[in-house]
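Please treat every number below as a calculation from the coordinates, not as lab data. Being a predicted model, the structure only gives us computed values, none of them experimental. Reconstructed Cβ throughout: ideal geometry from the backbone, glycine too, with neighbour counts over all protein chains shown.
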Amino acid sequence: MKIGLSAYFLPNDPIESAMEKLAETGAKYVEIIWDLPHFSPENKKNYDLKKLKDTIDSYNLGISVHAPFFDLNSGSIYREMRKFSVNQFKNCIEFCSMIGADLMVIHPGYSPLLKYEKLYQEARNRFIEALREVGDYAFLRGVKLSIENISAAYFFAYELDDLVTLAGKIKNLGITLDIGHAFITKIERKRPFPEEEIGHEIVEKLKPFLTHIHFHDNGGVKDEHLAIGKGKINFSPIVAAIKKINFMGRIIIEAWEPEQSLDLAKDQLKTVKNLFGQ
């Protein structure tokens, strides 16, 4: 597996210098989030593309990109919001092409109408239609689309089974397994051994579609994005499952604590590499 860092470790640096500093930690893989704080919604071209690309090339970095997610909903009841969300995803795919990123992580759409099955299913169908459009667009540009599980029941990829269903239906769609999100979902479902269950699903269900993994910790109640070791997740059975399937994709560390720093990035990179015996 390929262990890397999220650019969110350095939210106060311009993206160009954040990438250079993260590369100097020894990380060979970095995930850029094409959203705040590095990319303003008002002007997402306010960066030096040449400098960013030169940094990526000079350090020979493997790059993935996280699509924007703030305020977007590709399953919205409003056609204008669905169209806007899809266009944002397509713009992000173009960004991937410009910097040489081969994978884009995308959040699912959502609907709060859980108690209204017909309306909820209609929203889900709209989301799937939008996801197919984005997947096709990414395929034509050599970018793999990978959908992430979210720890809120009104999202269309709440359960890990939801990810498998979507990846099995849609061309050019893989799965991004977010460990922190999956742990919260299992706790909410009152599963007695959440980490063992996640590990089992990695081996038995997710393996054919698993392209990407996010690592961060939490206390099982909310999506805290803590540093590994500061929450309640026992990563041992999950790591064992990942190793068992000989996972060859990227594991991106997403510890987004208030006092982000280069020292935290270095520490977390070492911590996760030690978990995998690297």
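Remarks
- Segment D57-S17, length gained on full extension (0.36 nm per residue, minus Cα span): 13.0 nm
- Between N12, N43, N87, the residue with the greatest mean-square fluctuation in the GNM of the chain (Cα pairs under 10 Å linked by springs) is N43.
- When you restrict to C-alpha pairs under 8 Å that are six or more residues apart and normalise by the size of segment 1-101, the relative contact order lands at 26 percent.
- Positive dipole terminus of the chain, leading residue within L52, L264, L131 (C-beta point charges): L131
- Using the Cβ of Y29 as centre and a radius below 9 Å, the other residues enclosed give a net charge of +2, where K and R count +1 and D and E count -1.
- Against the compact-protein benchmark of 2.2 N^0.38 Å, the Cα-based radius of gyration of the chain scales to 0.96.
- Whole-angstrom gap from segment 145-217 to segment 17-63, using each part's C-alpha centre: 27 Å
- Distances between every pair of Cα atoms in segment 66-137, grouped in 5 Å steps from 0 to the bin holding the largest one, split as 3, 17, 28, 22, 14, 8, 4, 2, 1 percent.
- Percent of beta bridges antiparallel (DSSP, segment 2-275, rounded to nearest 5): 5 percent
- About the centre of its Cα atoms, the chain shows a dipole size close to 700 debye [charges on the beta carbon of Lys, Arg (+1) and Asp, Glu (-1) only; nearest 20 debye].
- Using a cut-off of 30 Å between Cα atoms, the listed pairs K83/K169; K83/K244; K243/K266; K83/K207 include K83/K244; K83/K207 as exceeding that distance.
- Span-like helix ranges in the chain, DSSP H, alpha carbon extent 15 angstrom or more, Kyte mean at least -1.0: 79-99, 117-140, 262-275
- For segment 2-275, the relative contact order is 19 percent, taking Cα pairs closer than 8 Å that sit 6 or more residues apart in sequence and dividing their mean separation by the residue count.
- Build a GNM of the chain with springs between Cα atoms under 10 Å apart, and of L173, L22, L262 the one that fluctuates most is L262.
- Alpha-carbon gyration tensor eigenvalues x 5, square-rooted, for segment 88-239, Å: 26, 20, 14
- Over the chain, DSSP H runs of length four or greater, each weighted -39,500 (n - 2.57), average out per residue to a 222 nm ellipticity of -13000 deg cm²/dmol.
- Ellipsoid semi-axes for segment 157-254, based on the Cα gyration tensor and the rule √(5λ), read 21, 14, 13 Å when sorted largest first.
- Listed residues L72, M104, Q121: farthest to the positive end of the dipole of segment 66-121 (Cβ charges): Q121
- The residues packed around E129, meaning those with a beta-carbon under 13 Å from its beta-carbon, carry a net charge of +4 if Lys and Arg are +1 and Asp and Glu are -1.
- In summary, the lysines within cross-link reach of K232, defined as a Cα separation below 18 angstrom excluding same-chain residues under 8 places away, comprise K186, K190, K222.
- Once the chain from S40 to V203 is taken as fully extended at 0.36 nm per residue, the excess over their C-alpha distance is 54.8 nm.
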